[in-house]
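Presented below is the structure to which this report refers.
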Amino acid sequence: MDAPSIFIPKQFKGVTLSALARDIVDGCPGGLPESLTFDFSQLSFIRPAGVVFLSNVIWWLHQQGTKVRLVNADKNSMALRYLDDSLFFEQHCGQKIWEESAPRSTTRPLVRIAHEHSHNWLAMNLIPWLATRLGLTEASLYEVKTCLSELFNNIKDHTQFDIGSIFVQHYPNEQRVNISLSDFGLGIPAKVAETVPNLTDNEAIVRAVQEGFTSKSTPGNAGLGLDYLLKTVVGTNDGVVTIYSLGGIVRFRKKNGAICPDPVKNVGFCPGTTIDINLRTDLIEWVPQQREELEW
């Protein structure tokens, strides 16, 4: 029997991310098969969140015992070139599609990072690169680094696999940075339900970001840490945070000076959690680097 074939949507962003997982379920009514084919022939546009979401779905399927085959990925389109430059195909196929593909100066390519290596990667890779890109000191990005560190702590606390995928894109002409992070743990609604049952998935995500809420199970973890993320990115930076988890999608923006949730009508589901962070680079405050921070 041929492996079911799932087409990657033409515009892979927003609700089409979770629609992909719905298509997998609809295309496999008898349960997940031994193998599955992803067809890239229709893809023409993809956002950073799409890069990590798609990567996360593939790793999730592997964990369910389903082998994934990628086909029609060699079409010379901007979206597929972008994916190849992000090292997506190198990660999932063992090699790039085009020999000349390479990480772009505006990105930190797709990586899978275990919790034990995440803080070193942030300190030695992402933050120095981002500070250089933005012409800022690393001290100016302290709150961003703290937010991401806490998200990796959450992965350790809320998933048995202890690994997250992250991809970063700088849009200099738009003065913004997208940081997208995925895991395939239990999902925020499932963790919230252990403390507060009978909520919809969107309601559970909104509850999870409230200050003081925690579903922590590992001593030393500060909890979900999502309230600090929203205060930093949305409240202080005037950016946007979108959280995809199980059957929920909620976008958080600032309205009339307050951080407001904007639940999105979902059409599918997200294995685990994907968090898409949209930072305004023009509103990041420059902080002088302290001498002691430069010394080992």
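If you go through the stretch 197-229 one residue at a time, how many are within 26 Å of ALA21 (Cβ to Cβ), at pLDDT 90 or above and either open to solvent by 10 Å² or more (accessible area, probe 1.4 Å) or in a strand (DSSP E or B) (or both)?
Within the stretch 197-229, residues that are within 26 Å of ALA21 (Cβ to Cβ), at pLDDT 90 or above and either open to solvent by 10 Å² or more (accessible area, probe 1.4 Å) or in a strand (DSSP E or B) (or both) number 10.
Quickly run through the stretch 232-251 and pick out the residues that are free of Cβ contacts under 8 Å to residues at least 60 places away in the same chain and either β-branched (Val, Ile, Thr) or closer than 16 Å to LEU283 by Cβ (or both).
Of everything in the stretch 232-251, those that are free of Cβ contacts under 8 Å to residues at least 60 places away in the same chain and either β-branched (Val, Ile, Thr) or closer than 16 Å to LEU283 by Cβ (or both) turn out to be VAL234, GLY235, ASN237, ASP238, VAL240, VAL241, ILE243, VAL250.
Among the residues of the stretch 111-154 satisfying the criterion of being surrounded by 15 or more Cβ atoms within 10 Å (Cβ to Cβ), of a type in the set (A, V, I, L, M) and part of a strand (DSSP E or B), which is modelled with the lowest pLDDT?
Out of the qualifying residues, it is ILE113.
Please specify each residue of the stretch 176-196 satisfying the condition of being hydroxyl-bearing (Ser, Thr, Tyr) and either within 20 Å of the chain's Cα centre (by Cα) or modelled with pLDDT of 95 or more (or both).
SER180, SER182 - these are the residues of the stretch 176-196 that are hydroxyl-bearing (Ser, Thr, Tyr) and either within 20 Å of the chain's Cα centre (by Cα) or modelled with pLDDT of 95 or more (or both).
Just to be sure before I move on: is PRO103 assigned to a loop (DSSP other than H, G, I, E, B) and farther than 26 Å from ILE46 by Cα in the structure I sent? Outline the logic, then answer.
Numbers: assigned to a loop (DSSP other than H, G, I, E, B): yes; farther than 26 Å from ILE46 by Cα: no.
Spelling it out, it is not the case that PRO103 is assigned to a loop (DSSP other than H, G, I, E, B) and farther than 26 Å from ILE46 by Cα.
Find the residue count for the stretch 89-102, including only residues that are open to solvent by 60 Å² or more (accessible area, probe 1.4 Å) and in contact with a strand residue (DSSP E or B) (Cβ under 9 Å, 6 or more places away or on another chain).
Residues that pass the stated criteria total 2.
Give me a count of the residues in the stretch 69-88 that are open to solvent by 30 Å² or more (accessible area, probe 1.4 Å) and free of Cβ contacts under 8 Å to residues at least 40 places away in the same chain. Write out each step before concluding.
First, pick out the residues of the stretch 69-88 that are open to solvent by 30 Å² or more (accessible area, probe 1.4 Å): 69-70, 72, 74-76, 78, 81, 87.
Add one more test, that the residue is free of Cβ contacts under 8 Å to residues at least 40 places away in the same chain, and what stays is 70, 72, 74-76, 78, 81, 87.
The qualifying residues number 8.
The values are calculated or read from the model by the stated rules, or taken from the named source; none is laboratory data. Source: prediction; values computed, not measured. A quick note on method: Cβ atoms are made from the backbone with ideal geometry, for glycine too, and the neighbour counts reach across all protein chains shown. Side chains are part of the model used for accessible areas, which takes the heavy atoms of the whole protein and leaves out ligands, DNA and RNA. Shrake-Rupley method; radii C 1.70, N 1.55, O 1.52, S 1.80 Å.
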